[in-house]
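Below is one structure, written out as structure tokens, with a few remarks after it.
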Amino acid sequence: MTTTTVHAPATPMRRILNIVRLHLANPWTTIILPWVILGIIFAGTLAVWALILSVASDTADARDGLQYSGSNFFIFVYMLVVAVQAISITFPFALGFGVTRRDFYLGSALTFVLLSAAYSVALTILSLIEEATNGWGIGAQMFTTFYFGETPAERLLVFFLAFLFFFFVGAAAASVWVRWKATGLVMFFIIIGLGLIGLVALIFFAQGWPAVGEFFATAGLVGSMLWSLVITAIAGVTGFFLMRRATPTA
Amino acid sequence: MDESRPIFTQIAEQIENDIITGVMAEESQVPSINEIAVFYRINPATALKGVNLLVDDGAIYKKRGIGMFVASGARERLVQQRREQFPVDFIRPLIAEAMKLGITADQLTAMLTKEGTP
Amino acid sequence: MTTIIEVSNLTKNFGKLAAVDNVSFSIEENTICGLLGRNGAGKTTLMQLLTGQQFATSGDINVFGQSPVENASVLQNISFIKESQRYPEDFRAKHVFKSAPWFFANWDADFAERLIADFRLPLDRKIKKLSRGQLSSIGVIVGLASRAPLTFFDEPYLGLDAVARQIFYDRLLEDYAEHPRTIVLSTHLIDEVANLLEHVIVIDDGQIIIDETADELRGSATAVVGPSGAVDAFIGNREVLHRDGIGGLASVTIAGLTSTERADAAASGLELSPVSLQQLIIRRTNLTELGGNEKEIEARA
């Protein structure tokens, strides 16, 4: 007969890493499925483009069109959904495993940072391949589109910042949901909507549009993206404080 | 298990029955508390309480680190106790039922003789 | 005996509703405690408070000597199995059993495998596609195989059939005997678990109305059945827990009797019938709900 042992707490880092492992326990959602979808979109887009090129009379004009593809945006929105699910559904599950809210949130945040890093590196590598193969042989720009940045280093940074943005905004919205359910979420969007309208109105009445344009022009793509870190950070910190008082059934 | 009485007294009675009928011979080992608990599907604490009734009574003794054993002479003493309790537990209810049905003492005696020679 | 859970003057309000209303109790280490009561009585809220999942409105909770709220050293020794546990999107049962050992230091993988076979749980099917009973069996397996020093089962077996429930009780008892730990079991199937329990806490309308050892409770009531006159004569001034009658016959539940009293009752032609834990709890629950009313009605009658 052996009495079950009461264990001393695992180190904080170990506990946080366990949450990372928990989020990645089923690689299907976070790793496999997004690549499957991306692969299908990639193959589909290339096929369509190849078709266009083969029938286009004015190839120069057609080639111009190959430089803009919005299809890769899906992966950022997908990661927003991943963050929403990680916070809203995995949270009550993790509590049953004796996890603290603090460890859960920090572990989730670390997961988001790691996934952002991994995905931005992977997309950057794809962009390098795209450059090396002269746009997959047909001059296509899936991963080197100008709004991702000029150089590989810029693209790496833009991808990374964009992933962080979508992960943490998703996490913050999900935290609002966990705390106050639908009512909270509606209020949340109303407040954000009103804030945006207010901001636009303010700029409009102050006749500040040229200044805004100038700001983005001066900041450039990378500079503007770096400013997104402010929103990402606010979302991240908000999520933390909301989740610290969250309960599994509100 | 009879719901109306504490389970530990019923466990003690079960073991007593096994000792009286010879299923558990004197000086033989009694099943462990956990075995009793799992067999009767009861809480081990309840099983322990039941067994302790018999330990206090002297019917069972513990050997440290080895287990529990039926004491010698336990059977004889238990039989004696049960005999003393017999009128209260069996005869009185029998008489009460007989009176309800209007069975006389003579009729009852006749029935007892007829129903079986132990 | 070491006290593992100590609660004093605990209250949890949801708006105006007091889900848990100023309760105090304690639970000893290495016991199986039944937390019983009707649906909505406050069982789940109480367990969520004990596991730090809810925040108390007022009062004190000590688990392993400390507050459980956001306390990793307390919480990692707790396994809390809920009736309607949600699982991460696209999880399969195998993912649950893969991740559980990361959080439970005492996790026994062999035991988990045996239980998976016992419950015939498909590991590779998506959890969303499992039946209600299979879903429950995941929780039951986690709760048993985690061997946490403090395990809560909150109505763990919705959808499990009688056979599967018996497997659960048997494995629980066997493993508890081998590896004693503190188990708090909440259920409305009182008769099924009655013999497993050492300690019974009954909560009703947010308040604790029974907090006794199972043995005390079981011996605490008997139903006396017979002609009304004879029954009334026998019960005298005893407190009546419940009274039923048909024609001239009365069935009255009263506090437990000594063996001499039982013999007297038999001698006066009265029948004594057992009161199961379940019936007893129903009687006592009704009593508190009707409050003084019932006594008033009886007095007038």
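Miscellaneous remarks
- Complete set of residues in the stretch A:215-241 that are away from chain C (no Cβ under 14 Å) and in contact with a helix residue (DSSP H, G or I) (Cβ under 6 Å, 6 or more places away or on another chain): A:PHE216, A:VAL222, A:SER224, A:MET225, A:SER228, A:THR232, A:ALA235, A:GLY236, A:THR238, A:GLY239
- Entry remark, the stretch C:194-218: residues being in contact with a Lys or Arg (Cβ under 7 Å, 6 or more places away or on another chain), surrounded by fewer than 20 Cβ atoms within 10 Å (Cβ to Cβ) and either outside any strand (DSSP E or B) or in the same structural domain as C:ARG283 (by TED's automatic domain parsing) (or both) number 0 in total.
- Per-region count, the stretch C:59-101, residues within 8 Å of another protein chain (Cβ to nearest Cβ), of a type outside the set (Val, Ile, Thr) and in contact with a Gly (Cβ under 9 Å, 6 or more places away or on another chain): 10
- All positions within the stretch B:50-86 that are surrounded by 13 or more Cβ atoms within 10 Å (Cβ to Cβ), basic (Lys, Arg) and within 15 Å of the chain's Cα centre (by Cα): B:ARG75, B:ARG77, B:ARG82
- Any hit, the stretch C:223-244, residues being within 11 Å of another protein chain (Cβ to nearest Cβ) and within 22 Å of the chain's Cα centre (by Cα): no
- Filter result for the condition that a residue is in contact with a strand residue (DSSP E or B) (Cβ under 7 Å, 6 or more places away or on another chain), part of a helix (DSSP H, G or I) and under 24 Å from C:LEU173 (Cα atoms), over B:LEU54, B:LEU48: B:LEU54
- Taking the criterion of being of a type outside the set (Gly, Ala, Ser), over 18 Å from the mean Cα position of the chain (by Cα) and over 19 Å from B:ALA37 (Cβ atoms), the residues of the stretch C:150-187 that qualify are C:ASP161, C:VAL163.
- Per-region count, the stretch C:256-287, residues facing chain B (nearest Cβ under 8 Å), touching a residue at least 24 places away in the same chain (Cβ under 8 Å), assigned to a helix (DSSP H, G or I) and surrounded by fewer than 18 Cβ atoms within 10 Å (Cβ to Cβ): 0
- Qualifying residue in the stretch A:178-190 (condition: under 30 Å from A:ARG155 (Cβ atoms) and either outside any helix (DSSP H, G or I) or not basic (Lys, Arg) (or both)): no
- Residue check: C:LEU50 meets all listed conditions (1) of a type outside the set (S, T, N, Q); (2) loosely packed, with under 15 Cβ neighbours inside 10 Å; (3) at pLDDT 95 or above but one, namely (2).
- Some residue of the stretch C:111-119 being farther than 21 Å from C:LYS43 by Cβ, in a loop (DSSP other than H, G, I, E, B) and out of contact with any Phe, Trp or Tyr (no Cβ under 7 Å at 6 or more places or on another chain): no
- Residue check, A:PHE143 under 17 Å from the mean Cα position of the chain (by Cα), in a helix (DSSP H, G or I) and aromatic (Phe, Trp, Tyr): no
- Filtering the stretch C:155-200 to residues that are within 11 Å of another protein chain (Cβ to nearest Cβ), closer than 18 Å to C:ILE138 by Cα, in contact with a helix residue (DSSP H, G or I) (Cβ under 8 Å, 6 or more places away or on another chain) and not hydrophobic (A, V, I, L, M, F, W, C) leaves C:TYR169, C:ASP170, C:ARG171, C:ASP175.
- Residues in the stretch C:213-227 that are among the β-branched types (Val, Ile, Thr) and farther than 21 Å from C:PHE25 by Cβ: C:THR222, C:VAL224, C:VAL225.
- Residue-level analysis places C:ASP161 outside the set of residues that are surrounded by fewer than 19 Cβ atoms within 10 Å (Cβ to Cβ) and touching a residue at least 60 places away in the same chain (Cβ under 8 Å).
- Of the residues making up the stretch C:185-221, those that are among the hydroxyl-bearing types (Ser, Thr, Tyr) and over 13 Å from C:LEU277 (Cβ atoms) number 1.
- Of all the criteria given as (1) farther than 28 Å from A:THR145 by Cα; (2) touching a residue at least 60 places away in the same chain (Cβ under 8 Å); (3) in a helix (DSSP H, G or I), the one not satisfied by A:ALA246 is (3).
- Filter result for B:ALA47 (among the small types (Gly, Ala, Ser) and not assigned by TED's automatic domain parsing to the domain that holds B:PRO31): no
- Set C:ILE167, C:ILE208, C:ILE201: member being of a type in the set (A, V, I, L, M, F, W, C) and closer than 21 Å to B:PHE8 by Cα: C:ILE201
The values are calculated or read from the model by the stated rules, or taken from the named source; none is laboratory data. Keep in mind that what you see is a predicted model, and the values were worked out from it rather than measured. Because the Cβ atoms are built from the backbone with ideal geometry, glycine has one as well, and the counts that use them run over all protein chains shown.
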